[in-house]
Every structure is written in structure tokens, then in C-alpha cells.
Amino acid sequence: MATLRFVLGDQLSRGLSSLSDMEDGDIVLMAEVADEANYVRHHQRKIAFLFSAMRHFAEDLRGRGMSVDYVALDDPENTGSFTGELKRAVERHRPERVVVTEPGEWRVKEMMTGWEKAVGCPVEIRPDDRFFCSHARFQAWAKGQKQLRMEYFYREMRRGTGFLMSGPDDPAEGRWNFDQENREPLKAKVAAPERPTYSVDETTQEVLDLVAKRFGNHFGSLEGFDYPVTRRQALHYLNWFVETALPEFGTYQDAMRAGAPLLFHSHVSALINCGLIDPREACERAEAAYREGSAPINAVEGFIRQIIGWREFIRGVYWLKMPGYGDENALDARRKLPDFFWTGETEMNCLSQCVREVQASAYNHHIQRLMVLGNFCLLCGFDPKEVQEWYLTVYHDAYEWVEMPNVVGMILFADGGLFASKPYAASANYIDKMSDYCGPCAYSPKKKEGEGACPFNLLYWDFIARNRQVLQKNHRLQRTYATLGRMDPEKVERVRKEARAFLDGLVATGDY
Ligand code: FAD
Ligand code: DLZ
Ligand code: SF4
């Protein structure tokens, strides 16, 4: 009797642990299920990308001689859930056992642990070894630490992987981190490189039609879909990035420009998260570019740090703190998310640009997510649950394991500072320095109060004053609270009054 190997939509890797010992007669199961598309109402582009990538991956496996049982969304017998589809497949194939790779999300892990009982045959759950750091290793590293610091974890990962190391404890060029070089605003004469595009084949067109029909009322647009959907395209794209955009990736990592959403960013998160690109090969290619002299250390170190540092660290935090991490709300934030997060209809140009870009492409780069949208969510005090749902819905790379710690810990400080040493709160000055958003905006980044003052300036001091009790003991905010203490109390009250009027004016119908 054969083994049934259930491969999920974010497990599209030929080297997946659940496929490692395929034998003749074994069957790979893949299923498009409505529950996964609807547990949040994912961006249409994300669903289309994933279904197309899944269908192409199934073909790829078949081309390698494997037998794949693929259940499409519009199969009349489709039950709409992972458990339902596994149950039906077990009835069809009567396997001796089921083998799976552990999922990315706690929700699905809970489901998986019930499968043996639900389907009536043994289910083996294997670790996901596409990550560099196992759950056990992260737990051992975090043990006994009240606050987790990514920078120290990252050094461990550098030592362990050997990326950019000159000796066992010698980072290349004598430094672990070149972030100081990576904060340049974009000069007007610097043009963003043109990206390769990938044409829509018959399989992708079928999926685009299916998504338009079944999920046309979800957020976002399918227009101009040109993202890689096969392993070959993903590799082609990665190589393009390393050769063309990586050299400037570091320098302009924090810059933002209206109408140029990608700049020098890699745009590979969705490809890595679904398995089409292995994080190891992404780092290896980047390191090779450095060794060959075609990309500088600040770019390559910055890119590798995002992957072996932040990405692994964030996953570690998720599995360390689940379940319950998503319920944290240290700043007692309760405000509803305004409608313009779904429509982009706001006079605040920075927010409007970011929302319209994500509507069109299911993508914003990190600084847009962190310092524009995230900063605004923090300052306004939006309910962490609403913010989590938004971030999980709108991005094509969004999975709870990576979205949740970035929202709860990084932007909202809702975990009370488990890994952020202080909240990432900033006034308009930062956005003005790092982008060209403020020029045409209805508000002025320079005005601190009164007619035309940028809401970020009002909200910043309101946030600091509103959260005094929780935040004033944070040593990194001592100077901020000292400044607040020196400010004219009448001015503070005027600014706070304007901030409250702004907040009360936000329309949040909850209709989106
Ligand atoms: P690049 O800037 O080119 O970086 C290279 C790679 O590093 C990324 O592809 C990604 O794999 C990794 N990376 C960088 N920063 C992080 C980080 N903070 N956490 C995890 N991985 C990181 N990333 C997701 O993949 N899925 C999400 O759902 C997600 N939600 C986020 C929510 C918030 C509030 C914030 C602040 C960040 C979030 N990120 C998320 C992290 C990061 O913004 C994206 O990975 C990045 O913007 C993707 O674009 P890129 O591929 O061009 O990245
Ligand atoms: C995100 C997603 C969507 C939209 N649809 C499917 C699907 O139909 N079938 C599938 O196997 N996976 C899908 N996924 C990815 C899963 O949500 C993901 O595997 C789990 O969240 C575990 O990380
Ligand atoms: Fe955003 Fe304020 Fe600048 Fe307008 S002035 S773009 S609202 S930071």
C-alpha cells in the first residue's frame, strides 16, 4: 500500500521534507480549497498567484514521474477544506499512511493534529527544513531572555550558516551590520530598474478567470498580472534581481518614491514563502555576487540579514508565542480601521499612495509597511486584531507566521516590547526625508499644528502623551518624555485636541 503525501499551497518546493522519500505508487495530493481563500478575504492577486503556482508545481512533479492527485476549486465534489479533501483522498486511494510537512500557521497545525482521527489512518508530520532555524533551536536561543534582540540572533545565524564570514567569529569586512550605510533617500536622478515580466499562459489565464468569478468581491485587482508562477520563472527573476537591483538594494532600502513601488527591493517574499525559491539559494546567489565584486557588502549583508535574520527570527517568535500572541494589546488600542485602508481615498498622500499600490499589486515594500502604514496604525491606536486582518488580507506574501509578529511586535508594540526596544513611532519628518510623498500632499510635513498641519505631527505627540503610563519607563523614550515635559502645556493640549478631532473624523463603517 502506498503513501499519500499532502502538499499545501505554501509548500511548492521540490526538496520538501514530505516528498523526500517518494516511492513508486505513492501519490501527491494537492487541493485548492475555499476555506483557505476565505479565512481572511485574501487579495485576488494572492489567490491567483498561489493557485497558478500550485497548478504549475503539480505539472512539474508529474513531469518528474510523480503521480499527483490535484483537486481544483471548481471540482463539484470539492468539500472546501483541507480536512475534507484529505478525507476524500484517503477514501479514493486507501493509503497505508499520510505524510505531510508541518504547516506555517498555528491554525493549520491544530487541524493537522486532528487528521489521524478524522481520516482513520496514520499521519506523519515532518519538520519544515526549508527554514535555517528549527523550533527547538529558536526556543533554546530564546530561553531565559526577557527581551529578544534580532541582532544577536542574526549573529548566531551568520556563524551557523557561514554566510559572509571570514572566519568562525569574523564577519566579512569586520562588521556584522552595515545598516548605517542603508538609509539614503532616493536622489531624483536615480531611476528604478525595469523589472522582467512573465506572460500569462493558459493555466494562469484559467486561474485568473476562476478568481475573478469566485473572489471578484475580494480586495485588489488582477489587472496586469505578470508575476513568476513557475520554478523556472522564479529562478530567472531571482537572478535578475541579484544582477540588476541588488547592488543598490542596501543604499536605497528605506527610500520611497510615488509611482515606483519596488525601487531596488527584491520582490521575492511571495516566491520564498510559497516555496518556489529556497531562502538558501537566494542568500548563496547574493553572497556570490559580493565575492565576485558585482554587489557591495552593504547591499549583500542587508539582503542576507533580512532573510537569515529577520525572516527566521519572526518565525521563531511566532511559534514561541503561539497560541495567544495575536490577542496581545499592551497599549489597549481599540480604534476601528478606517475605510480608506481599503479604498485609498484620503488626502494624506503617503497613505493614499501605499494603499493604491497594494490594491494594484498586492505589494508594498518594508518601509511603506512599517513607517507609513504601520506607523499610522500605531499612532492612531487601531485595534491590533483589525490591523492583523488587514495585513494578512492585502499582501501576496502574507501568512500568519510572518504577518503576526511584524504587526503585533514590530509595528504596534502590542506585545509590550518583546523584540522592539521602543515603538516605531515617527512624525512627518521621517516620511518627508525618505520619500517624495509630501510635496503634492494636502498637508504640510513642516506644520506642527493648526490648518494644514500633517496628521502624523499631531498624532505623534498625542500618542506619546496618551501612552505615557506604559511607555515612559522605556529607557529609549526618556528624551522624548523629557521633551514632552518641556513643551508648553497649552500647546500640548491644542495639539492633542486637533489629534482627537482628526481621529474622530476617521470614517470606519466596517463595510469592506
Ligand atoms: P526585500 O526588502 O527585498 O527583503 C528581502 C527578503 O527578506 C524578503 O523577501 C523577506 O523574505 C525577508 N524579510 C525582510 N524583512 C522581513 C521581516 N520583517 N519579516 C520577515 N521577513 C522579512 N513579509 C512577508 O513575507 N509576509 C508578510 O505577511 C509580511 N507582513 C509584514 C507586516 C508588517 C507590518 C511589516 C512591517 C513587515 C511585513 N513583512 C512581511 C516583512 C517585509 O515587509 C516583507 O517581507 C518585504 O517587504 C517583502 O518585500 P521584498 O521581497 O521586496 O523584500
Ligand atoms: C493562502 C492559500 C490559499 C488562498 N489557498 C490555498 C489552497 O487552496 N490550498 C492550499 O493548499 N493552500 C492554500 N493557501 C495556503 C495555505 O493557507 C497555507 O498552506 C496555510 O496557511 C499554512 O501556512
Ligand atoms: Fe504623509 Fe504628512 Fe507627508 Fe502628507 S505631509 S504625505 S500626510 S507625511
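Bear in mind that the values in this text are calculations on the coordinates, not laboratory data. Keep in mind the model is a prediction, meaning the values are calculated, not measured. Neighbour counts run over all protein chains shown; Cβ positions are idealised from the backbone, glycine included.
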What is the magnitude of the charge dipole of region 3-126 about its Cα centre, with +1 placed on the Cβ of each Lys and Arg, -1 on the Cβ of each Asp and Glu, and no other charges, expressed in debye to the nearest 20?
-> 240
Region 392-482: which GluC sites (Glu not before Pro) are DSSP loop and have at most 10 other beta-carbon atoms within 10 angstrom?
-> GLU451
Here region 233-243 yields Karplus 3J(HN,Hα) values (6.51, -1.76, 1.60; θ = phi - 60°; whole Hz; Gly and Pro given as x) of 5, 4, 5, 4, 5, 4, 4, 4, 4, 5, 6
Can you spot the lysines whose alpha carbon is less than 30 Å from LYS87's alpha carbon? Ignore those fewer than 8 places along the same chain.
-> LYS46, LYS109, LYS117, LYS213
Pop out the ³J(HN,Hα) list for region 154-167 in order, Karplus 6.51 cos²θ - 1.76 cosθ + 1.60 with θ = phi - 60°, rounded to Hz; leave Gly and Pro as x.
-> 4, 5, 4, 5, 4, 4, x, 8, x, 5, 6, 10, 9, x
Projected onto the charge dipole of the chain (+1 at Lys/Arg Cβ, -1 at Asp/Glu Cβ, origin at the Cα centre), which of ALA258, GLN478, GLY409 gives the Cα projection farthest towards the positive end?
-> GLN478
Around ALA414: net Lys/Arg minus Asp/Glu count, Cβ-Cβ under 10 Å = -4
Descending packing, highest mean Cβ count within 10 Å first, for 279-288, 301-310, 108-117 is 301-310, 279-288, 108-117
So, with +1 on the Cβ of K and R and -1 on the Cβ of D and E, and no other charges, what is the size of the charge dipole of region 266-313 about its Cα centre, to the nearest 20 debye?
-> 100
Along the dipole axis of the chain (charges at Cβ: +1 for Lys and Arg, -1 for Asp and Glu; origin at the Cα centre), the most positive-end residue among ALA289, ILE272, PHE376 is PHE376
The chain: Rg/Rh from Cα coordinates, Kirkwood Rh?
-> 0.97
For the residues GLU32, GLU328, what sequence is obtained by ranking on other C-beta atoms within 10 Å, fewest first?
-> GLU328, GLU32
Charge dipole magnitude, Cβ of K and R +1, D and E -1 - the chain, Cα centre, debye nearest 20 | 1880
When the charge dipole of the chain is computed with +1 on Lys and Arg Cβ and -1 on Asp and Glu Cβ about the Cα centre, the Cα farthest towards its positive end, among THR509, VAL200, VAL68, belongs to THR509
Treat the count of other C-beta atoms within 10 Å as a stand-in for reagent exposure and order ASP170, ASP278 from fewest to most.
-> ASP170, ASP278
If packing is taken as the mean number of other Cβ atoms within 10 Å per residue, what is the order of 139-145, 179-185, highest first?
-> 179-185, 139-145
Enter the Cα centre distance for the pair region 460-512 and region 357-418, rounded to the nearest angstrom.
-> 21
Determine the distance separating the Cα centre of region 56-116 from the Cα centre of region 1-15; give it in Å without decimals.
-> 8
Label-point separation in nm, GLU347 to GLU281, each point 7 Å along Cα→Cβ = 5.1
